[in-house]
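Taking it in order: structure first as C-alpha cells, then the write-up.
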Amino acid sequence: MVVPLTNTNTNILVVDDESTNVDFIVGALKAAGYGAAAATDGFKAIAACKVHMPDLILLDLQMPLMSGIDVFKRLRADEKTRDIPVVFMRRKGEKPSQLAEDDDEHWVVSKPVAADELLGRVKTALAEHSLKMELRKKDVELRELSLADPLTSFRSLRYLAEFLRCEINQCRRYGVPLSLVLLEIDDAQKIRQEKGQAEYNDLVSEIAFFVGQQYRQSDIVVRLSESELGLFLTHTDMDGAVEVAERIRESMAQAAFLAESRRVTVSIGVALWMIGMDEDGQMLISYARAAVNQAKAAGGNMTLTAQ
C-alpha cells in the first residue's frame, strides 16, 4: 500500500509515447500525492517545461521524433531547465547509451514500470536533487562571505583584486578614469588603547556605515587594514574624487561617533590610476597611502592628493 505524501506541490512531468504506460505512471504518481502531467514526445516535453517548470521529469529513452537522450541534452543546454532532475525509463537489457558521463545515470527505472520501483526512484531523485541544490546554495553563500569583510560588510581584499583587474583593464582600453579615496582614522592607536579593541571595532563599523552612504552602486568600499577604508570610484577623475573626499571628511568631523571623549577625524589621500601603473592596483593604493601619511604628519583631518 502506498501512503500519500503530505506535499502535493511536487509536480512531475511524464514523457513517454506509450499512452498505456503514461496512464499507469500518472495514476501511480497521483495516488502517491504528486502532481503529474504528461507529454507524448520530446518536443512537447520541452514546450511543457517552458510553460510550467516541473520538479522532476520521468523520461523515456526510446521515443520517435526525438530520443530521450536528445531531450535530456536540450534540457541541460538551457539555463532555465538544466537543473531539473531527470529519471530515465528504459526497457530491461537496454543500455543507457551516452549516459555514462552524466551524474543522473543511476536515476533509471526499468520498463515495464513497477509502481514500487518507480516511486522509490522518484523519492530518491527528489531528495538527492534537493540536497544538491542546498549544497550549491551554501557554496554561493560561503563565496559571498569570503568576498566580504566580516566587520564592515564591505567588499574584501579578495574581491578588490578581481574588481581592480577588471576596472584597470577598462581604464587602459577606453581611457575611463578610476580614482581611489583612501581614508584612515586619525589617532587610531590612541583611540584603540583608550576604548579597547571591541569598542574600537564598533567605531570602525559605525564609520564604515557612514562612508557607505556616500558612494554609488558602481563604486566599492574596501577595508584595506584595521583603520583604513578605501573608496574606489569608477569613471571619476581627480577633481570628482577630491570633492567626494572633502564631503566625507567634513561630514565626519561634524558627526558624533562612539568615541565621545574625542572628536573622530580622518586623514584622506586621493590618487588617480594612470598609464604606467601596474594592472593590479598596488601602485594606486600606495600613492593614496603616501598622501594619507603626509596628511597625518601635517596634523590630520585633511585631504591631500597624490602627485
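The values are calculated or read from the model by the stated rules, or taken from the named source; none is laboratory data. These numbers were taken from a predicted model, which means no experiment stands behind them. FYI the Cβ positions are ideal-geometry reconstructions off the backbone, even for glycines, and counts take in every protein chain you see.
Quick notes
- Some residue of segment 253-263 being touching a strand residue (DSSP E or B) at 6+ places or on another chain (Cβ under 7 Å) and on the phi < 0 side of the Ramachandran plot: no
- Looking only at segment 254-276, and only at residues there that are touching a helix residue (DSSP H, G or I) at 6+ places or on another chain (Cβ under 6 Å) and among the β-branched types (V, I, T), the one that is modelled with the lowest pLDDT: T265
- Scanning segment 11-41 for residues that are of a type in the set (S, T, Y) and within 37 Å of the chain's Cα centre (by Cα) turns up just one, Y34.
- Of the candidates L126, L75, L118, the single residue that is at pLDDT 85 or above, under 24 Å from the mean Cα position of the chain (by Cα) and either closer than 25 Å to G27 by Cβ or not basic (K, R) (or both) is L75.
- Filtered by the rule that a residue be crowded, with 18+ Cβ neighbours inside 10 Å, of a type in the set (A, V, I, L, M, F, W, C) and farther than 24 Å from S286 by Cα, segment 171-208 gives I191, L203.
- Each residue in segment 54-66 was checked for being at pLDDT 90 or above and assigned to a loop (DSSP other than H, G, I, E, B), and 2 pass.
- Qualifying residue in segment 213-223 (condition: touching a Lys or Arg at 6+ places or on another chain (Cβ under 9 Å), closer than 27 Å to F163 by Cα, modelled with pLDDT of 95 or more and in a strand (DSSP E or B)): no
- Scanning segment 186-197 for any residue that is of a type outside the set (D, E, K, R) and closer than 22 Å to Q307 by Cβ turns up nothing.
Let's see how each residue does on (1) among the hydrophobic types (A, V, I, L, M, F, W, C); (2) outside any strand (DSSP E or B):
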| site | (1), (2) |
| --- | --- |
| V176 | yes, yes |
| L183 | yes, no |
| D202 | no, yes |
| G240 | no, yes |
| V244 | yes, yes |
